[in-house]
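Down below is the structure, laid out as structure tokens.
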Number of protein chains: 2
Amino acid sequence: MNYEMTIVQFSKMLKNLSNILDKGAAFADSKKIEMDVLLNSRLAPDQFNLIRQVQIACDTAKLAAARLTGKEAPAHDDNEKTLPELKTRIEKVITFLQTFTPKDFETNLNDIRVTQPRWEGKYVTGTEYLIQHAVPNIGFHVTTAYAILRHNGVEVGKKDYLGEMPFKK
Amino acid sequence: MNYEMTIVQFSKMLKNLSNILDKGAAFADSKKIEMDVLLNSRLAPDQFNLIRQVQIACDTAKLAAARLTGKEAPAHDDNEKTLPELKTRIEKVITFLQTFTPKDFETNLNDIRVTQPRWEGKYVTGTEYLIQHAVPNIGFHVTTAYAILRHNGVEVGKKDYLGEMPFKK
């Protein structure tokens, strides 16, 4: 279940995000707008722009996978400026996620301590980190990226965010 | 874990949402704006307004708890127009969630089939529903509610969305 929640679902959310960015690019193209305008948009002057929202969504997935399994996450420099560069960043994280297997998640997450630099030595358990931080955080940044594009007129809907459901009949 | 992901975490997210709405009310008050203006705001003309975002966040929590445990969810009429009414709606759902215990989640969610009217008879497993629908969906609507207020100038930050972390030293 932890493998499905992180590796499988985070990969899906990042793929959906990549598709949403493509819809933004098609919109920019049809309106003769530079994609740069959308990539640097935000909903409030002191909010991170679209580029940064995508970077943080990527980092949330990468760091959750690493921290919950004791593996090392690859470093990424946050220097993306264009859509192809952002899509490559997303691809790199999905490729990293694909190196995990359910076996990597065999440790009980209650027995894992997770911290990060800004927490100044404090920690939460792996379960708390997964449920109360990583999962809501990736949802937050993917939704915010979506909302920035939606606000600018890009025709995206919740289905683009949720992606395909594995329906059975 | 399923109990923590749904009952505990969804309650937390709804409480955070209620606090975010309070920040919106304080902002409206300080700016001499009717709260009504914020409650009816949206980021795009064809997007649901803030009231509807809150209602759907509430329904996502309520229906996930009910569908994953075979219980009946209380009906709510979607007739809220004011902040106190919306906060009451949130409170009702949290009260409903509090009627659940970990024992209600003892069935393996892979053995449960979940459907909803708009899926026209198709279904997904309980696990798929939880991970690929309910969890990202509540994140989507709480973040969108947050983003509508953020865009209107309300000083909310990601901490308001994530809420308190159960830090240990």
**Report entry** Some residue of the range B:45-55 being in contact with a Phe, Trp or Tyr (Cβ under 9 Å, 6 or more places away or on another chain) and β-branched (Val, Ile, Thr)
**Finding:** no
Query raised in the report: Given the conditions (1) within 7 Å of chain A (Cβ to nearest Cβ); (2) closer than 29 Å to A:ASN49 by Cβ; (3) of a type in the set (Phe, Trp, Tyr), which single one is not true for B:TYR123?
Result: (2)
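Let's see how each residue does on (1) modelled with pLDDT of 95 or more; (2) crowded, with 17+ Cβ neighbours inside 10 Å; (3) closer than 25 Å to A:PHE140 by Cβ:
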position	(1), (2), (3)
B:ALA28	yes, yes, yes
B:LYS32	yes, no, no
B:ASN40	yes, no, yes
B:LEU43	yes, yes, yes
B:GLN53	yes, yes, yes
B:ALA61	yes, yes, yes
B:ARG67	yes, yes, yes
B:LEU86	yes, yes, yes
Query raised in the report: Given (1) under 18 Å from A:THR143 (Cβ atoms); (2) free of Cβ contacts under 8 Å to residues at least 12 places away in the same chain, where does B:ASP77 come up short, assuming only one miss?
Result: (1)
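With respect to B:VAL114, is the statement that it is of a type in the set (Val, Ile, Thr) and touching a residue at least 12 places away in the same chain (Cβ under 8 Å) true?
Numbers: of a type in the set (Val, Ile, Thr): yes; touching a residue at least 12 places away in the same chain (Cβ under 8 Å): yes.
It is true that B:VAL114 is of a type in the set (Val, Ile, Thr) and touching a residue at least 12 places away in the same chain (Cβ under 8 Å).
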**Report entry** Residues of the range A:92-129 satisfying the condition of being surrounded by fewer than 19 Cβ atoms within 10 Å (Cβ to Cβ), outside any helix (DSSP H, G or I) and within 20 Å of the chain's Cα centre (by Cα)
**Finding:** A:GLN98, A:THR99, A:THR101, A:THR115, A:GLN116
Query raised in the report: For the range B:125-146, does any single residue satisfy the condition of being closer than 20 Å to A:LYS168 by Cα and charged (D, E, K, R)?
Result: yes
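Could you grab me the full set of residues in the range A:126-153 that are of a type in the set (A, V, I, L, M) and more than 7 Å from chain B (Cβ to nearest Cβ)? Please lay out each step first, then the result.
Residues of the range A:126-153 that are of a type in the set (A, V, I, L, M), as a first pass: A:130-131, A:134-135, A:138, A:142, A:145, A:147-149.
The answer is A:LEU130, A:ALA134, A:ILE138, A:VAL142, A:ALA145, A:ILE148, A:LEU149.
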Query raised in the report: Are any residues in the range A:23-46 free of Cβ contacts under 8 Å to residues at least 12 places away in the same chain and under 19 Å from the mean Cα position of the chain (by Cα), and if so, which ones?
Result: A:ASN40
Report summary line: By residue number, the members of the range B:159-169 that are within 7 Å of another protein chain (Cβ to nearest Cβ), in a helix (DSSP H, G or I) and more than 22 Å from B:ASN40 (Cα to Cα) are B:LEU162
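At least 1 residues that are under 18 Å from B:GLU155 (Cα atoms) and more than 14 Å from chain A (Cβ to nearest Cβ) in each: list the helices (runs of 4 or more DSSP H) lying fully within the range B:1-91 that qualify.
On the way: elements: B:9-30, B:35-39, B:50-69.
Correct list: B:9-30, B:35-39.
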Query - Of all residues making up the range A:95-120, the number that are within 16 Å of A:THR6 (Cβ to Cβ) and at the interface with chain B (Cβ under 9 Å from one of its Cβ atoms) - result: 1
Query raised in the report: How about the range A:152-162: which of its residues are surrounded by fewer than 17 Cβ atoms within 10 Å (Cβ to Cβ) and of a type outside the set (D, E, K, R)?
Result: A:GLY153, A:GLY157, A:LEU162
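The values are calculated or read from the model by the stated rules, or taken from the named source; none is laboratory data. If you're wondering where the values come from, they're calculated on a predicted model, not measured in any experiment. Please note: Cβ atoms are built from the backbone with ideal geometry, for glycine as well, and neighbour counts cover all protein chains shown.
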